[in-house]
1. Full-extension gain between residue 105 and residue 163, please, as 0.36 nm times their residue separation minus the C-alpha to C-alpha distance.
2. Taking 0.36 nm per intervening residue step and subtracting the Cα-Cα distance, what contour gain separates residue 220 from residue 147 on full extension?
3. Under a plain spin-label model, where a point goes 7 Å from the Cα along Cα-to-Cβ, how far apart in nm are residue 233 and residue 82?
4. Which order do you get for 67, 53, 168 if you rank them by accessible area with a 1.4 Å probe, largest at the top?
5. Past the 26 Å Cα-Cα mark, which pairs from 162/219; 154/175; 150/219; 59/120?
6. Rank these residues by their accessible area, most exposed first, probe 1.4 Å: 174, 181.
7. From largest to smallest, what semi-axes in whole angstrom does region 101-162 give when each is the square root of 5 times an eigenvalue of its alpha carbon gyration tensor?
8. Using only protein heavy atoms and a 1.4 Å probe, report how much of residue 156 is accessible, in Å² to the nearest 10.
Amino acid sequence: MKKLLSLAIVALFSVSAMAQQTDLRRKINVSGSAETEVTPDIIYISISLKEYLKDGNSKKKVDITTLENELFNAVQKAGLDKENLTINNLSSYTAVAEKKKNPDYLASKQYRLKVSDLNKWNAIIGSVDPKGVAYTNIDSYDYSKIESLKKELKIKALQAAKAKATYLVEAIGDKLGGALDIQEINNEAYPQPMYRNVMMMKAESADMAGGAAPEIDFKKIKLNYVMNVVFEIK
């Protein structure tokens with residue numbers, strides 16, 4: 001008898017617990033969105049300089065120091081801080097063993113330049129001996145105020161969700177309660193840059209166009225946030 005009574009009590013508590021777990025509140029599930037487009041204002045560009053032989057004559061080598069000085073001077077002339085230009089990698093003939101194996105070895109260096117104005121980039125690359133530029137390309141780009149912009153868009157998306165839920169609930173004579181659940185959907189898009197001219201500049205064809213810098217067009221960065229929100233209906 002006591003065993004049956006104990007089982008009955010356990011069963012009663014189980015049913016009670018299940019009833020408590022069942023959420024009987026009336027709800028409405030809506031989504032709100034906010035989006036914008038911004039033009040990148042931080043651009044990282046890779047530059048590779050390489051020694052070359054004038055007219056194929058090994059005695060008339062344009063050394064890497066000369067090319068490097070041209071690049072450094074152009075960066076300073078453009079008004080950029082020296083921290084904006086960093087060395088990514090280097091290959092040099094300073095090693096005695098390498099010089100013995102290949103006296104015509106051509107040294108090269110790779111740099112990373114940070115710019116915010118592409119006009120400055122055009123001026124910089126245009127001041128460097130085009131035959132000494134192995135290639136240039138864009139590593140990445142960003143927007144300086146991206147984090148504050150993201151925050152602003154998320155708030156707007158939440159406000160849009162609440163506004164939608166409010167008029168829908170009021171349309172049936174009820175009132176909107178507090179938010180029970182919030183989920184964020186990120187739809188950021190970072191498109192690749194578009195070029196009017198070929199960005200890659202190879203030494204073999206650098207004498208063409210007199211070292212003119214390539215022109216670059218950027219698609220804007222598109223930020224879109226959707227907030228899915230569950231509200232209680234009072």
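The values are calculated or read from the model by the stated rules, or taken from the named source; none is laboratory data. Keep in mind the model is a prediction, meaning the values are calculated, not measured. No Cβ is skipped: glycine too gets one built from the backbone with ideal geometry, and neighbour counts run over all protein chains shown. Each accessible area value is taken on the protein alone, full model and side chains, heavy atoms only, with ligands, DNA and RNA left out. Shrake-Rupley method; radii C 1.70, N 1.55, O 1.52, S 1.80 Å.
1. 14.0 nm
2. The span from residue 220 to residue 147 would gain 24.7 nm if fully extended.
3. That separation, rounded to one decimal, is 6.9 nm.
4. Output order, biggest surface exposure first: 168, 53, 67.
5. 162/219; 59/120
6. Ranked list, largest accessible area first: 181, 174.
7. Ellipsoid semi-axes (Å, largest first): 44, 14, 7.
8. Residue 156 exposes around 100 Å² with every protein chain in place.
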